[in-house]
Amino acid sequence: MTTTTHTPITLLIAGHWLGAWAWDEVLAQLPAEGVEATALTLPGLDAADPDRTLRTLDDQSAAIVDTIMLHGGSADRPATIVAHSGANAPVCLVLDRHPELIHRVVWVDSGPVTPGSVFAPDLPAELTELPLPPFDALAEQASLAGLTELALDRFRARSVPEPAPVLRQPVELGNPARHDVPTTLVCCSIPSAQLLELARSGHPMFGEVTRLTQLDVVDLPTGHWPMWSRPADLARIIHRATA
């Protein structure tokens, strides 16, 4: 009798303002690494969607689950999710609601959010979306290290404003099973030693890290968008995490 082994699907999800296109350079490397991967554009980040400014974190988390199922994912064949930056909010909702569907989560210069977190609680009420800010302002919030002028031009040209409901919605979490999903932190703009010290000190941005029961930490020194600055190295890390 022959037993067939099914490799879990690996789902790549980029952060704010980005769609599946952001992973093109990493996806080009992953087949050589033996990883079955696909990238997802979250609801609200498809420029062709006429209702995109109304999309919520619930819509985004539902889309992640639907994509896992579409690619044959299940409790018997759980997926690996690679989540960058602001994709952490909808991914945390999936971890909370469907931990059985996740084989491992790989946070790329990101990490699990604290229950009740709101990304932009002070966002003016009249705003329906938040465009990509000027790069000098963005650089004050996240490192642009390693990005070429070509990458920055592409970022500007292809970015889609983030829907305001996504930025205002609290991330409601209550299932402790989310802490037991195997986790890899890929530390780029903040070294792992500093990140873990911040977590141990109770920093609100990293507090959930101390609750993870199966944690691997990998340093990939670069800026906040390693899928453009170090795509081959990131692909190798993803391969090791999914093995």
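The values are calculated or read from the model by the stated rules, or taken from the named source; none is laboratory data. Here the structure is a predicted model, which is why all the values come from computation and not from measurement. With ideal geometry, Cβ positions are generated from the backbone for all residues, glycine too; neighbour counts draw on all protein chains shown. Surface accessibility is based on the protein's heavy atoms, side chains included, excluding ligands, DNA and RNA. Shrake-Rupley method; radii C 1.70, N 1.55, O 1.52, S 1.80 Å.
Results, tabulated for the structure shown:
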quantity	calculated
Estimated FRET transfer efficiency when R0 is 22 angstrom, pair Met69-Glu36 (beta carbons, to 0.05)	0.90
Cα radius of gyration and Dmax for region 102-243 (Å)	16.3, 46
For region 133-217, alpha-carbon Rg relative to the globular expectation (2.2 N^0.38 Å, N residues)	1.38
Within the accessible area of the chain (1.4 Å probe), percent carbon and sulfur	54 percent
In order through region 220-229: 3J(HN,Hα) via Karplus (6.51 cos²θ - 1.76 cosθ + 1.60), integer Hz, x for Gly, Pro	9, x, 5, x, 7, 10, x, 5, 10, 7
Residues whose placed amide H lies under 5 Å from that of Asp219, excluding near-sequence neighbours	Cys187
Relative contact order %, the chain, counting alpha carbon pairs below 8 Å whose residues are six or more apart	25 percent
Region 205-242 versus region 142-192: alpha-carbon centroid distance in Å	12 Å
Förster radius 22 Å - calculated FRET efficiency between Glu129 and Asp153, Cβ distance, rounded to 0.05	0.55
In nm, spacing of pseudo-spin labels at Gln194 and Ala28 (7 Å Cα→C-beta vector)	3.1 nm
Length-normalised contact order for region 46-183 - Cα pairs under 8 Å, 6+ apart - percent	36 percent
CD proxy at 222 nm, helix term only [per DSSP H run n ≥ 4: -39500 (n - 2.57); per residue of the chain; nearest 500]	-9000 deg cm²/dmol
Under the span-like rule (Cα at least 30 Å along the axis, Kyte-Doolittle mean at least 0.5), DSSP H helices of the chain	none
Förster-model FRET efficiency, 25 Å R0, Asp122 and Asp58, C-beta, rounded to 0.05	0.70
Kirkwood Rh and Cα Rg combined as Rg over Rh, evaluated for the chain	0.94
Percentage, to the nearest whole number, of Cα pairs in region 158-202 over 14 Å apart	73 percent
By average C-beta atoms within 10 angstrom, highest first, the peptides 64-73, 85-94, 43-52	85-94, 64-73, 43-52
Accessible surface, per residue, of the chain when the full set of protein chains is kept, probe 1.4 Å, Å²	45 Å²
